[in-house]
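Here is the structure we will look at.
Derivation of every value follows stated rules applied to the coordinates shown; laboratory data play no part. Predicted model, so just to flag it, every value in this text is computed and none were measured. Cβ atoms come from the backbone with ideal geometry, glycine included; neighbour counts cover every protein chain shown.
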Amino acid sequence: MRKFFIHTMGCQMNEYDSLRIASVLEKMGFTEAESMEDGDYLIVNTCSVREKPQHKAESAIGRFRQIKRKRPEVKIGFCGCVAQQEGTDLLKNNKDIDFVVGTDGLHRLEEVIAHVEAGERLSDTQVNEGGLEIDIFSRTVSVSSFVTIMKGCDNFCSYCIVPYVRGRERSRTETEILDEVKYLADGGAKEITLLGQNVNSYGTTLESSPSFPELLNRVGEVNGIRRIRFVTSHPKDFSDGLIEVMRDNEKVCEYLHLPLQAGSDSVLKRMNRKYTYAHYLERVMRAKEMIPSLALSSDFIVGFPGETDEDFEATMKAINDIQYDMIFAFNYSTRPGTKAENFEDDVPLEVKKMRLSRLLDMQKKIISDKTAEYKDKVVEVMVEGSSKRGSGQFYGRNRQNRVVNFTSDTILDSGEFVNVKITDPKANSLTGIKL
Ligand code: SAH
Ligand code: SF4
Ligand code: F3S
């Protein structure tokens, strides 16, 4: 039996797409390889959001190539956002790549593989602006599973490549989404994370559809689903209606990822984020007031073109004011084809690095104070697995998305809900004992 190996980079959207790729290959009779060296089809699912992940894609191909040198029958596939961006150039520049499939071509993957089997090399980066072709696919269900509710993005933040590599925003119908959630729930999923670049605008491309807050309620009605999460919310569209559902629907977890990107209004304006810091702060305060146990996380870009010392201090102040539970921060990276590509990338790398490290140091301090508050608290954990078989060590997450490692004197199955008393809170995981 032939085997496939998929190396996934980038966001949850890519993780979801990798499951779709796996499902197509399984349908065609392949099985998943235990390691890269074992695979007959080696596939990389790539991210181009910054330069670094793009380089990582190239080095993954380098490793695949070494395997192909030993076993020339191996086929190499290049998928995802870099594939969408570079298309046939990848085939031209790299003789080891057998096929390239962009972000909108996964429903045609079976055809592509059939051509590859016949010895062809080909690239499919055709974009389907009309529909959204995600079939419900058979997959190994995890207790915590992702469901894509929309593709693409229409926001065109000036630094961001996503609208170019994922195309225009398109929503999946309510029926498709609920059918997929039911399929997952029947297979044992208890937690669903709904995915979209801007979930708040869910449904705008459909003739009739529930609003995003209504969709959350409908997902909550599916038998077996006990927790719902979602990413990402755009601050400009983060509504009271959504905060109310987060407060009132007990299945929706108290966790919100609301990317601020920068604390300075002039930077936000040049980023084309379409909100001010005052608007953002008002939204966050409202959410915290209505949901006191809310955990908040955010993304930041450091060293955006024209970012002055004062602009950066405004970001530091915002982080200190808001006291996030988690931050993802990166140096600005120029992306080809974006509006900011025409802005002068004028913050020297050394300055970017220094600002980023100051930002991360401050966040470390904030998170360490917040983490200390968990000492002796009891939290609800959904069991996601055991660390070492038979050792009585298990792990999962609490409702606020914190990883919890704990011991239990009884054997637990993935998907069980237990109460854990935290004995040793650490920033990257809380340690405790099952009550
Ligand atoms: N749709 C989501 C984010 C998608 S990209 C949103 O709007 O929040 C994930 C994160 O990557 C972004 O939030 C941003 O912080 C970061 N990012 C995107 N483009 C970038 C670039 N050119 N340089 C550095 N970071 C970038
Ligand atoms: Fe990129 Fe902005 Fe769209 Fe997020 S909202 S994916 S940052 S363009
Ligand atoms: Fe990267 Fe594409 Fe996601 S660029 S962040 S994998 S949408």
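Every cysteine in the chain with no other Cys Cβ under 4.7 Å from its Cβ, please list them in numeric order.
For the chain, the answer is C11, C47, C79, C81, C153, C253, because their Cβ atoms have no other cysteine Cβ under 4.7 Å.
Of the listed pairs K190/K370; K317/K364; K56/K151, which have alpha-carbon separations greater than 19 Å here? Walk me through the intermediate numbers first.
Working: K190/K370 28 Å; K317/K364 15 Å; K56/K151 24 Å.
Exceeds cut-off: K190/K370; K56/K151.
Just subtract the alpha-carbon distance of R2 and L435 from 0.36 nm times their residue separation and send over the number in nm, one decimal.
On the way: separation 433, 0.36 × 433 = 155.88 nm, distance 4.60 nm.
Using 0.36 nm per residue and subtracting the Cα-Cα distance, I get 151.3 nm.
Compute the relative contact order of the chain as a whole-number percentage, counting only Cα pairs closer than 8 Å that sit 6 or more residues apart in sequence.
Numbers: 861 pairs, mean separation 41.4, N = 435.
Averaging sequence separation for qualifying contacts and normalising by length gives 10 percent for the chain.
Taking a label point 7 Å from the Cα of E15 along the Cα→Cβ vector, which residues of segment 134-166 have an amide N closer than 19 Å to it?
Output list for this probe position: 137-152.
First measure r as the distance between the Cβ atoms of R168 and S59, then evaluate 1/(1 + (r/R0)^6) with R0 = 30 Å and state the FRET efficiency to the nearest 0.05. Don't skip to the end; give the middle numbers.
Values: r = 31 Å, r/R0 = 1.05.
Computed FRET efficiency for R168 and S59 comes out at 0.45.
Normalising by the residue count of segment 129-253, find the relative contact order in percent from Cα pairs under 8 Å and 6+ residues apart. Please report the intermediate quantities before stating the final value.
On the way: 210 pairs, mean separation 31.9, N = 125.
25 percent.
Does segment 1-134 come out rounded, prolate or oblate, given a ≥ b ≥ c as the square roots of the eigenvalues of its C-alpha gyration tensor, rounded meaning a/c under 1.5 and, failing that, prolate meaning a/b above b/c?
Values: a/c = 1.35, a/b = 1.15, b/c = 1.18.
Verdict is rounded for segment 1-134.
For the peptides 295-301, 121-127, what is the packing order when you average, over each peptide's residues, the other Cβ atoms within 10 Å and list the highest mean first? Show your work: numbers first, answer last.
On the way: 295-301: 20.1, 121-127: 16.7.
Output ranking for 295-301, 121-127: 295-301, 121-127.
By per-residue mean of other Cβ atoms within 10 Å, what is the highest-first order of 89-96, 380-387, 218-225, 17-24? Walk me through the intermediate numbers first.
Details: 89-96: 14.2, 380-387: 18.8, 218-225: 15.9, 17-24: 20.9.
Order by mean packing, descending: 17-24, 380-387, 218-225, 89-96.
Calculate the spin-label point distance for N272 paired with E341, positioning each point 7 Å from the Cα along the beta-carbon direction, and give it in nanometres.
1.2 nm
Please give the charge dipole size of segment 157-246, origin at the Cα centre, charges +1 on K and R Cβ atoms and -1 on D and E Cβ atoms. Round to the nearest 20 debye. Present the calculation step by step, with values, prior to reporting the outcome.
On the way: 11 positive and 13 negative charges, 72 e Å.
In total the dipole reaches around 340 debye.
Between I136 and V378, 0.36 nm times their residue separation minus their Cα-Cα distance comes to what? Present the calculation step by step, with values, prior to reporting the outcome.
Values: separation 242, 0.36 × 242 = 87.12 nm, distance 3.76 nm.
In short, 83.4 nm is gained.
Could you work out the relative contact order of segment 378-434, using alpha carbon pairs under 8 angstrom and six or more residues apart, expressed as a whole percent?
Numbers: 130 pairs, mean separation 20.3, N = 57.
Value for segment 378-434: 36 percent.
Set Lys and Arg Cβ to +1 and Asp and Glu Cβ to -1, take the dipole of segment 258-372 about its Cα centre, and tell me which of V267, I367, F304 lies farthest positive.
Towards the positive end, the residue furthest out is I367.
From the cross-link list K70/K388; K3/K388; K52/K92; K288/K365, which pairs have alpha carbons spaced over 31 Å apart? If you can, show how the numbers build up before the last one.
Details: K70/K388 35 Å; K3/K388 27 Å; K52/K92 22 Å; K288/K365 21 Å.
Pairs exceeding the cut-off: K70/K388.
With label points built 7 Å along Cα→Cβ from the Cα atoms of D38 and E250, find their separation and express it in nm.
The two pseudo-label positions are separated by 4.3 nm.
Summing -39500 (n - 2.57) over the DSSP H runs of n ≥ 4 in the chain and dividing by its residue number, what mean residue ellipticity at 222 nm do you reach, to the nearest 500 deg cm²/dmol?
Numbers: 13 runs with 151 residues, N = 435.
Counting only the DSSP helices, I get -10500 deg cm²/dmol.
Using a Gaussian network model on the chain with a 10 Å cutoff between Cα atoms, which of H234, H107, H257 fluctuates the most?
Residue with maximal mean-square fluctuation among H234, H107, H257: H107.
Assuming R0 = 22 Å, what is the FRET efficiency of N128 and T175, from their Cβ-Cβ distance, to the nearest 0.05?
0.70
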